[in-house]
Amino acid sequence: GGNQEIIKDNIHGWLFKKDDYVELSNKSIYVLSLEKKKLNIYLKKAYSYAKKKYSVNNHIKGMNKIYSEI
């Protein structure tokens, strides 16, 4: 399916229930049938989200916060 903590369904990715090949198939067909313009919107959202949430600077800030609390 995917990691729900990283991927927000239908916002910047698509999730499906484990072992649900019908849902996987339907979502795959949906994604493959998207217009290029709409698909690029999803891709930009995913890139922006990943860059913001998982950047090196954010990781360092998080680690510094943990160490300062110890």
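Values quoted throughout were computed directly from the atomic coordinates according to the rules given, and no laboratory measurement underlies them. The shown structure was predicted, so the numbers you read here are calculated from the model rather than taken from an experiment. Positions of Cβ are generated from backbone atoms using ideal geometry, with glycine treated the same way; all protein chains shown enter the neighbour counts.
Numbers at a glance
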| quantity | calculated |
| --- | --- |
| Sites Val56 and Asp9, calculated FRET efficiency, Cβ-Cβ separation with R0 25 Å, nearest 0.05 | 0.40 |
| Lysines whose Cα lies under 21 Å from that of Lys27, excluding same-chain neighbours fewer than 8 positions away | Lys8, Lys17, Lys18, Lys36, Lys37, Lys38, Lys44, Lys45 |
| Given charges at Cβ of Lys, Arg, Asp, Glu: the range 22-65 dipole, positive-most of Tyr30, Asn57, Asn40 | Asn57 |
| Length-normalised contact order for the chain - Cα pairs under 8 Å, 6+ apart - percent | 25 percent |
